[in-house]
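Worksheet for the structure shown next.
All of the numbers you see were taken from the coordinates with simple rules; none came from a lab. Being a predicted model, the structure only gives us computed values, none of them experimental. Ideal geometry is used to build each Cβ from the backbone, glycine not excepted, and the neighbour counts take in all protein chains shown.
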Amino acid sequence: MSQLSGQPFVPLRPIPLKERSGIVFLQYGQVDVIDGAFVLVDERGARVQIPVGGLACLMLEPGTRITHAAVMLAARVGCLLVWVGEGGVRLYAAGQPGGARADRLLWQAQAALDEGARLKVVRAMYALRFGEEAPARRSVDQLRGIEGARVRGLYRALAKLHGVVWEARRYDPDAWDDADVPNRCLSAATACLYGLCEAAVLAAGYAPAIGFLHRGKPLSFVYDIADLFKFETVVPAAFAVAARVERGKGEGPLERQVRIACRDVFRRTNLLERIIPTIGDVIAASGLTPPPEAPEGQPPALPTPVSGDDGHRG
């Protein structure tokens, strides 16, 4: 049984996102709060404690159930819960980790709705992604086409570097097993990156759906931000795993190998520490006045539990 009742409520002060570990995947068990600890309980009753306050994101795979108490605690400490498919390769839904700021959301929306400001943001993203200024006098649609051509070239170059046979980027979420090894590795790797970026976007008070280069998707802004880091982090990791698998040197399921490789590259590149400042930098390129900074690590504005809250199972 969840143990939250009868305890005095002490406001939590979440760890700043840049100081947290990245992602943990959970499967085949029930996530609960027992004796004040956030745990995964398997079918035999064995408990594994999860340091939820030190994580940016928890990926919940099929076979995982989570209680009301666990969702509440994750929200209080600012850990994003994401419901994903087998192997973490599909994102179905995500929670709100708390602490969202309306002023940043409005700043983001204002920049996205002003076509001149939006173009400045897209140009800034281009410069960060490719290390050079975007071509002059190009529209957002034209820049999108230029980026697409360059991205296809980067895929080919990385595939050649790692000795992987590459045809094209193809991904059908309804036919996962039909994809070749490099595409499966890339899909698993980008899912990891999207989860981390969504955690950062939400934790910093921005809206995942309000994108600049990408439009019309629930995670458009997540895709925008992930693209800034993709080719220095998860894409090389995915091709490295694909090369090992094709040579018969990989151990364990392909998706698990990719997740471990992504975890390592996130740590090596200090990615969490870089994402939120980068978000602010690209939106600031719009030329619109940013909102004032708030002290980091403030607790989310969540209601205090009332007397008699028993943390019942969800």
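Brief remarks follow.
- With a Förster radius of 25 Å applied to the C-beta separation of Asn270 and Leu161, the computed FRET efficiency comes to 0.60.
- Which of Val33, Ile23, Gly78, positive extreme of dipole for the stretch 17-94 (C-beta unit charges): Gly78
- Added length on full extension, which subtracts the Cα-Cα distance from 0.36 nm per residue, Tyr92 to Leu106: 2.5 nm
- Where trypsin sites (Lys or Arg not before Pro) fall in DSSP loop in the stretch 23-81, at most 14 other Cβ within 10 Å: Arg44
- Per-bin percent of Cα-Cα distances, the stretch 102-284 [5 Å]: 1, 8, 16, 19, 19, 16, 11, 6, 3, 1, 0
- Label-point separation, Ala127 to Ile146 (7 Å along Cα→Cβ), nm: 1.3
- Distance between modelled label sites at Glu115 and Lys217, nm, 7 Å Cα→Cβ extension: 2.4
- Candidate aspartates and glutamates - alpha carbon under 16 Å from Lys120, same-chain residues fewer than 8 apart omitted: Glu132, Glu133, Asp141, Glu147, Asp224, Asp281
- Coarse-grained scattering of the stretch 17-94 at q = 0.13, 0.18, 0.21 Å⁻¹, given as base-10 log I(q)/I(0) from a Debye sum over alpha-carbon atoms: -0.34, -0.67, -0.92
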